[in-house]
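Peer 1: Okay, handing you the structure first.
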């Protein structure tokens, strides 16, 4: 008897859509539709807003499965941005913003002892041993911190990539944040602090999981609010590879 290559395929349950609701804003929502490549890395994310406008994110990777290019297209405005990532000894060392008017290069310094990445002081990103973002300093007086809990977040099945959080927080803001920085663990809180004014903004995540410990819902509350300001619902599908 002979067997086909299809017999060797495996399947994995992966998040393919995130629906984001804003309960306090009438008819305001977003959906993120996610596709994957043959290595189970995110290939495209299509963000659709309640007015039907879209932003399309396309990712490309190198042979080590590290992100090398992020393209951001907004069909309604014609905006088209490209960010290229370069690596030295396996660690992010440069981000290049590509545009029709010319390229802008940003050199990134990596410290292997502290697992931190820096760009043009004081921009500093600190990651834990699993490369989940711990904090981001974006001025000498302001900081953004992230805490996690156990469970399966978006990329529990692959290694976290610091470039994704760095891209989100400085270069391509508010994309990967909606995917919880593509961390391996679900977020329970984000905390912004202004060390001069003592202003503190916290977002608390009340997470729900399915029987396989996959994250399915996050209710996000602002500071001490009782009702959520945002709700994220995750849909999974079996993906063959």
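What follows draws every value from the coordinates through simple rules; no lab data is involved. Being a predicted model, the structure only gives us computed values, none of them experimental. Here the Cβ is made from the backbone with ideal geometry for all residues, glycine too, and neighbour counts use every protein chain on show.
Peer 1: Sorting 146, 226 on the 10 Å Cβ count, fewest up front, what's the list?
Peer 2: Least to most surrounded, the residues fall as 226, 146.
Peer 1: I've got another one for you. Could you list the square roots of 5 times each eigenvalue of the Cα gyration tensor of the chain, that is, the equivalent ellipsoid semi-axes, sorted largest first and rounded to whole Å?
Peer 2: Equivalent ellipsoid semi-axes, largest first: 27, 25, 20 Å.
Peer 1: I need the peptides 98-106, 183-191, 228-236 ranked by packing, meaning the mean over residues of other C-beta atoms within 10 angstrom, with the highest value on top.
Peer 2: 183-191, 228-236, 98-106
Peer 1: Further question: At R0 = 51 Å, how high is the FRET efficiency between residue 140 and residue 237 if r is their beta carbon distance? Nearest 0.05 is fine.
Peer 2: Between residue 140 and residue 237 the formula returns 0.70.
Peer 1: Normalised radius of gyration for region 9-102, please: alpha carbon Rg relative to 2.2 N^0.38 Å, two decimal places.
Peer 2: Output field value: 1.30.
Peer 1: If you don't mind, another one. Among 123-135, 10-22, what's the highest-first ranking by average C-beta atoms within 10 angstrom per residue?
Peer 2: 123-135, 10-22
Peer 1: Oh, and also: Shape of region 50-121 from its Cα gyration tensor (a ≥ b ≥ c, root eigenvalues): rounded if a/c is under 1.5, otherwise prolate when a/b > b/c, or oblate?
Peer 2: It comes out prolate by the Cα gyration axes.
Peer 1: Turning to a different aspect of this structure: Suppose each label sits 7 Å from its Cα in the direction of the beta carbon; what would the residue 51-residue 38 distance come out to in nanometres?
Peer 2: Rounded to a tenth, the inter-label distance reads 4.1 nm.
Peer 1: Need the full-extension length gain, residue 149 to residue 111, defined as separation in residues times 0.36 nm minus the C-alpha distance. One decimal, nm.
Peer 2: Full extension from residue 149 to residue 111 adds 11.1 nm.
Peer 1: Each label point is 7 Å from the Cα along the Cα-to-Cβ direction; what then is the distance between the points at residue 91 and residue 192, in nm?
Peer 2: My value for the distance between the label points is 3.0 nm.
Peer 1: How high is the relative contact order of the chain, given as a whole-number percent (alpha carbon pairs under 8 Å, six or more residues apart)?
Peer 2: 17 percent
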